[in-house]
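The structure appears below as structure tokens.
What follows is calculated from the coordinates using simple rules that are stated; it is not laboratory data. Computed from a prediction, not measured in an experiment: that's the story for all the values here. Because the Cβ atoms are built from the backbone with ideal geometry, glycine has one as well, and the counts that use them run over all protein chains shown.
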Amino acid sequence: MEYSMSDELITQIKSRFDHATNKKLLREKYQSKMTFAYAGGMFNAGPELLVTLSVCNETVVLEDLYGTPVKVNVSELATQTQHRWQEQMNAWLVENEDLSNKR
């Protein structure tokens, strides 16, 4: 009987470890999909960029992910950022819910 409980415990531990690993991989997958090119620079869609753009004028120079200054149209970049962010977050949510349901 104790052997059976031990096997069950090992199975539960493996399941939790697999879930944590899969969750981490899923996060990395969607974080990489947040990166996009605009006006010759590379930007990462997210709250930080959206907040920065919300306080800027029509045209501004921003530093991209590689430290390069890029002149951007604020409204265009904000629209693309918001679209990319929401699209990837929705997809991430769906996959995360599937992962949680399998657990």
Proximal aspartates and glutamates to LYS71, defined as alpha-carbon separation beneath 14 angstrom and excluding residues fewer than eight positions away on the same chain: GLU58, GLU63
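Test of understanding: ordering MET89, MET34 by Cβ neighbours within 10 Å, fewest first, what list do you get?
Details: MET89 14, MET34 18.
Lowest to highest Cβ neighbour count: MET89, MET34.
Please give me the summed charge of the neighbours of LYS71: other residues whose Cβ is under 12 Å from its Cβ, Lys and Arg +1, Asp and Glu -1.
Details: positive: none; negative: GLU58, GLU63, ASP64, GLU76.
Around LYS71, the charge tally is -4.
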HN-Hα couplings for segment 28-40 via Karplus (6.51, -1.76, 1.60; θ = phi - 60°), in whole Hz with x for Gly/Pro, come out as 4, 4, 7, 5, 5, 6, 7, 7, 8, 8, 7, 6, x
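So if we plug the beta-carbon distance of THR59 and THR35 into 1/(1 + (r/R0)^6) with R0 = 30 Å, what FRET efficiency do we get, rounded to 0.05? Don't jump to the answer; show the numbers that get you there.
On the way: r = 23 Å, r/R0 = 0.75.
E(calc), rounded to 0.05, equals 0.85.
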Roughly speaking, what is the stretch gain from THR21 to SER6, that is 0.36 nm per residue apart minus the C-alpha to C-alpha distance, in nm to one decimal? 3.2 nm
